[in-house]
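These notes are about the structure you will find just below.
The values are calculated or read from the model by the stated rules, or taken from the named source; none is laboratory data. Bear in mind that the values here come from a model prediction, so they are computed numbers and not experimental data. No Cβ is skipped: glycine too gets one built from the backbone with ideal geometry, and neighbour counts run over all protein chains shown.
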Amino acid sequence: MPFIVERDEFNGFFTALRDMGYEIIGPRVRDSVIVYDRLDSVDDLPIGMTEQQEKGVYRLRKRDDGALFGYTVGPHSWKMYLFPPRIRLFTAERHDSNLKVVEEQYSAKRLAFVGVRACELHAIQIQDRVFLNGTFKDQVYEKQRKNVFILAVNCTVSSSTCFCTSMNTGSMVGSGYDLVVTEVLKPRHHFLVDVGTSLGHELLSKVKHREASREEVEHALSMVEENARVMSMMGRRSIDTKNIKELLYNSYESRHWDDVEERCLACANCTMVCPTCFCSTVEDVVDLKGEHAERWRVWDSCFSDEFTYMHGSAVRRSRGAKYRHWITHKLASWIDQFGTSGCVGCGRCITWCPVGIDITEEVKALQQGYAAGR
Amino acid sequence: MRRDSKSSSRRKRPKLAVWKFASCDGCQLSILDLEDELLELADSVEVAYFLEASRAVIKGPYDISLVEGSITTADDVKRIRRVRSVSRYLISIGACATSGGIQALRNFKDVKEFTSIVYARPEYISTLERSTPISEHVKVDLELHGCPVNKYQLLDVLSSLLNGKRPNINSYSVCMECKRAGNVCVMVAYGMPCMGPVTRAGCNAICPSYKRGCYSCFGPSESANIGALSKRFKDLGVDDESIVRMFRMFNAYAQGFRDVEEKVMEVNSKQ
C-alpha cells in the first residue's frame, strides 16, 4: 500500500536513517557535477538542479523548481561503495624468518543509498550475480551489500543519454529496494512512497506519512509512465535487443571494428563508469627491508594491455579488438555467463567517453553492417 | 636481486649508482625528496655513486644504475656505454631518459639554426642533431616515466628489485587512476582539453585531481590514439598549432607522440 510523505517531512528519512545507524550516501553537487557522496541532510541533495548530457558532454543546469531528484545519473555509481576502487586484501609481516600473513578484516559500515534509480538497482542486482552467485563469493562485496539500505527513486525525468526503456530496466523501479519514492512537484510538492522490505517499513514508521489516495497513486505513477513513453519515442537513444547476442557473435570479423579503432582512445573510461563492469587486478607493495608487504585490489579494465598479457604479449592489443571485446561481453556473452545483459541503459559510457563513442550507435552500425553482409 | 632473507646489518648491500645526462636534475631530486624513506634507503643499498647527493664515489661495478637525462653529445654516447658495462640493472628514469625530454624539440628542427640564434659563438657548441632516449643506445632493463618521476614509483621499483617482486608500473591511461580516485572528468564536465586519455598512468592523475587538464608528463600510454584525441581537441576549439604543442612537451619525441603533426593534418583532411 503506497503512502504520501510531504516535502517538508522528507528530511525525516535522513534523521531516521542516521538514528538507525546508517551513513547516508547520495547525489550531491561537487565540482559542478552531481556525484555520489556523504549526505548529512536533505539540503545536501542537488535541490533544483539538473544536467544536460550528450555524447562526451556533461553540464550542470538549474531547474526552475525545487525538485530533489530532478536529474538522472552522473559519473559515479554505487559500485564504488560495494566494489571499492582500491582495497587492501592482506598484509604480511616478517620478523627474522617468520612470515605472518594477516587477512584484512572488513568492517562494513551501514550505508544508506539514497536516490537509487531503476537502472542502477538493476546494475546492483547484476553485480550481485557476479560477486555472490557461484562457488566463490566476494567477501568484500558480500559484507558491504548486506549492510546497505536502498531508498530508490522512480525517474520522472531522463537525460538524452538514457536508454533504460529499451533495455527493460526503467524508468519504474522493479524490485530490490527497501523504500521507493516518486517525486511529485505539482500542485503540491510531495512524495509517493512504496515499501519493499520490513526494514523499509521500519524507516517509514519513523517519518510522518499517511496513506495515499488512489488518485494520488495514479497521478504520481503517470509521471513515471510518461517519462518512459517519452524515452521510447522515435529519435531517442535505444538499443534493439532482438537477436543482440547473435548480432555480436556474428560480427566478430566485421569491418566496423576498424572504424572503432580510429575513434576509440582505449582509455578505459567506459569500463570505469559502467555500473556493472567488475574487473580488478592486484598490486603488491613491499617496503625496502622486505619486512612489511601488502596486497591491494584495484579496478582494472579490459582496455589495458596487461589485462590479456600472456607470456610475452597481450592477446588484444588493438583498440578495435578491445572495444569489440567489451561490447560483446556487455551485450552478448554476459547473457551466456550470468543470464542477463550486462547493460542497464544508464548511458554513463556515452556521456563519459572523452570522444563521445555511443554504444547505441555502435550497435546500430553493427546491425546495418550485418544486414549488408559486411 | 633477492637478498638473504635474514637481514642483518652486516649483510652486503647492493650498490646503487645515479647517473646524469642531459637533464634538469629533477628526477635525481625526487630521490632526495624521499625524506621519510631516505635513511632506510641508505641502509638498504650502498649509495656508491650519486654526485647530486655526495661527492664521495665508490668504484663500480654497480648493482643498480638509475640513469637520468637524454643523450645529446658524442661524449654522452660513449659515457652511457661505459655506464651500461658497469651496471647489472640499468633503469632509465624520467622523460629525458625515456623519450629524449623537452630538449628533443630540436629533433623536429635544424639544431644548427638553434645554436646560431642562441649562442654568441656557436662554433664552440658540439652537440648531436637529435636528443635521444637511453634505450636508443644501450639495453635498458626498466623505464620509469614522468617529468619528474613519481618518487613513490621509484621507491617501489627499488623495493621490488631488493625483494624480488614485480614493480607496479602500468602503461594504461591516466583516466584509470583518475576514475579510481573518483575525480570528475575535466574534459567531459568542463570542456577542458586533457591529455589523460593518451597518457601513461603513474602520477595518480594529479592535475585532473586539481581540476586541470593533464599535461602528459608521463608520455604516451600503451594504445595512445593521438588522432582521435586531436579531433576532440579541435571540437573543443583548440587550434592546430596548439594541439601540436600539447603533444610537443616533455615527451615530444616519444614513439606515439612524435608524428602528431601528420596526425593533425590527417584529421583535417578527413573533415
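Details
- The residue that is surrounded by the fewest Cβ atoms within 10 Å (Cβ to Cβ), among those in the stretch B:75-96 that are aliphatic (A, V, I, L, M) and in contact with a Gly (Cβ under 6 Å, 6 or more places away or on another chain), is B:VAL86.
- Residues in the stretch A:292-311 that are outside any strand (DSSP E or B) and exposed (fewer than 15 other Cβ atoms within 10 Å of the Cβ) were compared, and the one that is nearest to the other protein chains (Cβ to nearest Cβ) is A:GLU306.
- Qualifying residue in the stretch A:321-336 (condition: acidic (Asp, Glu), more than 7 Å from chain B (Cβ to nearest Cβ) and part of a loop (DSSP other than H, G, I, E, B)): no
- Filtering the stretch A:67-83 to residues that are more than 20 Å from A:GLN53 (Cα to Cα) and touching a residue at least 60 places away in the same chain (Cβ under 8 Å) leaves A:LYS79, A:TYR81, A:LEU82, A:PHE83.
- Selection of helices (runs of 4 or more DSSP H) fully inside the stretch B:205-271 by the criterion of at least 2 residues being in contact with a Ser or Thr (Cβ under 7 Å, 6 or more places away or on another chain) and surrounded by fewer than 24 Cβ atoms within 10 Å (Cβ to Cβ) returns B:260-270.
- Residue within the stretch B:91-103 that is under 25 Å from B:ILE169 (Cα atoms) and at pLDDT below 95 present: no
- Residue match in the stretch A:219-239 (condition: of a type outside the set (A, V, I, L, M, F, W, C) and more than 23 Å from A:MET167 (Cα to Cα)): yes
- Against the conditions (1) out of contact with any Lys or Arg (no Cβ under 6 Å at 6 or more places or on another chain); (2) within 11 Å of chain B (Cβ to nearest Cβ); (3) not in a loop (DSSP other than H, G, I, E, B), A:LEU265 satisfies every one except (3).
- Selected residue (criterion: nearest to the chain's Cα centre (by Cα)) from residues of the stretch A:3-47 that are within 18 Å of A:VAL116 (Cα to Cα) and among the acidic types (Asp, Glu): A:ASP37
- Scanning the stretch A:84-104 finds no residues that are more than 28 Å from A:ALA268 (Cα to Cα), in the same structural domain as A:ASN227 (by TED's automatic domain parsing), touching a Gly at 6+ places or on another chain (Cβ under 9 Å) and not acidic (Asp, Glu).
- Check on B:VAL45, in contact with a strand residue (DSSP E or B) (Cβ under 6 Å, 6 or more places away or on another chain), at pLDDT 95 or above and within 14 Å of chain A (Cβ to nearest Cβ): yes
- Annotation: of all residues in the stretch B:176-200 being within 20 Å of A:PHE278 (Cα to Cα) and among the small types (Gly, Ala, Ser), the one that is nearest to the chain's Cα centre (by Cα) is B:ALA181.
- Matching residues, the stretch B:104-127, being part of a helix (DSSP H, G or I), within 16 Å of B:ALA252 (Cα to Cα) and free of Cβ contacts under 8 Å to residues at least 24 places away in the same chain: B:VAL111
- Yes/no for A:CYS274 being touching a residue at least 12 places away in the same chain (Cβ under 8 Å), farther than 29 Å from B:ILE31 by Cα and surrounded by fewer than 19 Cβ atoms within 10 Å (Cβ to Cβ): no
- The condition (being farther than 24 Å from A:ILE87 by Cα and without any contact (Cβ under 8 Å) to a residue 12 or more places away in the chain) is satisfied by just one residue among B:GLU261, B:GLU241: B:GLU241.
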